[in-house]
Amino acid sequence: MPLSYLEAAIEIAREAGAVLREESTRPPQITYKREVDLVTQADKRSEKLIVEKLTKYFPNHAIAAEEGSGHESKSEFSWHVDPLDGTTNFAHGYPCFCVSIALATRKPQEPDSTATPAVVAAPRDTLLCAVIYNPVHDELFAAARGEGATLNGKPIHVSANATVATSLLCTGFPVHERHASPNIHYYSDFTMLSHGVRRDGSAALDLASVACGRFEGFWEFGLKKWDTAAGVLLVREAGGTVTDFAGKPYELGGPVILATNSLIHEEMRSKANEIAILYPGPTLQR
């Protein structure tokens, strides 16, 4: 019997996680994509396994993988793969990293009837299933569209905290173009307004932690589709909200993401927009 999309993603994520555990016992082999944007042998081995397995199970699907070994396809189905989210942590022996795999379809949007001539908007990703696997703690987060989210097979839900003042938040900082990011100002202000802001270096695990109620809110700038695809579906299926700072539904690859337990969403969004007026940055623009 063929595996379902989610079953396949779970199987592959666990196998890739085993690769990361094995590699974590060895000295890291580090190379650099940019000045401070590193990649390890573990990234490459994990991605090779994931891409080969996805191609075996779903040969017609497109695969977008962080280290570039995926492939294009005419299929409407596209996998978004981060074989090792938290590479810098991994390279330094800090045990906060994961495998992130998500499947989406790309559907064309309706033409803008107000435009002359009518303009067809870019296709929008619809997330179907998601898996984030933390091999250090053997935690597997999974979600399927319309079916809720789980942690090691048990249902998870976002936190019930209703104010930013009683919340624990998380964010991340870019590994390149650091001076172009205004995030230090958001970090400072939200730290003062909340129980604190954590920066653990894995956007996928940050989003998974919002989904299971460990964090109430997460924001970050300039993330790629493979950084957020799995985590976005997890948060939404666990009862959370994911938008940009304008309140529009977050689109994969957008300039800014805000994911919360829904209850503090408008409070965080309002404060983020106040900060944006004082400290505008190029990462806020498409």
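Identify all residues within region 63-104 that are touching an Asp or Glu at 6+ places or on another chain (Cβ under 6 Å), open to solvent by 10 Å² or more (accessible area, probe 1.4 Å) and at pLDDT 95 or above; write none if there are none.
Within region 63-104, just C96 meets the criteria.
Every residue, every condition in (1) modelled with pLDDT of 95 or more; (2) under 19 Å from S209 (Cα atoms), yes or no:
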{"site": "G231", "(1), (2)": "yes, yes"}
{"site": "L234", "(1), (2)": "yes, yes"}
{"site": "T243", "(1), (2)": "yes, yes"}
{"site": "G247", "(1), (2)": "yes, no"}
{"site": "A259", "(1), (2)": "yes, yes"}
{"site": "E267", "(1), (2)": "yes, no"}
{"site": "A272", "(1), (2)": "yes, no"}
{"site": "A276", "(1), (2)": "no, no"}
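Just checking, how many residues over region 42-79 are within 28 Å of G93 (Cβ to Cβ) and touching a residue at least 12 places away in the same chain (Cβ under 8 Å)?
Adding up the residues that qualify gives 15.
Being under 28 Å from G68 (Cα atoms), touching a residue at least 60 places away in the same chain (Cβ under 8 Å) and either under 18 Å from the mean Cα position of the chain (by Cα) or not in a strand (DSSP E or B) (or both) narrows it down to one residue among L263, L223, L205, L258; which is it?
The unique qualifying residue is L205.
Where residues in region 1-34 are modelled with pLDDT under 95, within 18 Å of F58 (Cβ to Cβ) and of a type in the set (A, V, I, L, M), which of them is most open to solvent (accessible area, probe 1.4 Å)?
Filtering region 1-34 for residues that are modelled with pLDDT under 95, within 18 Å of F58 (Cβ to Cβ) and of a type in the set (A, V, I, L, M), the one most open to solvent (accessible area, probe 1.4 Å) comes out as M1.
Do we have any residue at all in region 233-246 that's surrounded by 20 or more Cβ atoms within 10 Å (Cβ to Cβ) and over 19 Å from the mean Cα position of the chain (by Cα)?
Checked against the condition, which is being surrounded by 20 or more Cβ atoms within 10 Å (Cβ to Cβ) and over 19 Å from the mean Cα position of the chain (by Cα), region 233-246 yields no hits at all.
Would you be able to say whether some residue in region 42-57 is part of a loop (DSSP other than H, G, I, E, B), open to solvent by 20 Å² or more (accessible area, probe 1.4 Å) and of a type outside the set (S, T, N, Q)?
no
The values are calculated or read from the model by the stated rules, or taken from the named source; none is laboratory data. All figures in this text were calculated on a predicted structure; none of them were measured in a lab. Don't worry about glycine lacking a Cβ; one is built from the backbone with ideal geometry, like all the others, and counts go over all protein chains shown. To get the accessible areas, we keep the full protein, side chains included, count just its heavy atoms, and leave off ligands, DNA and RNA. Shrake-Rupley method; radii C 1.70, N 1.55, O 1.52, S 1.80 Å.
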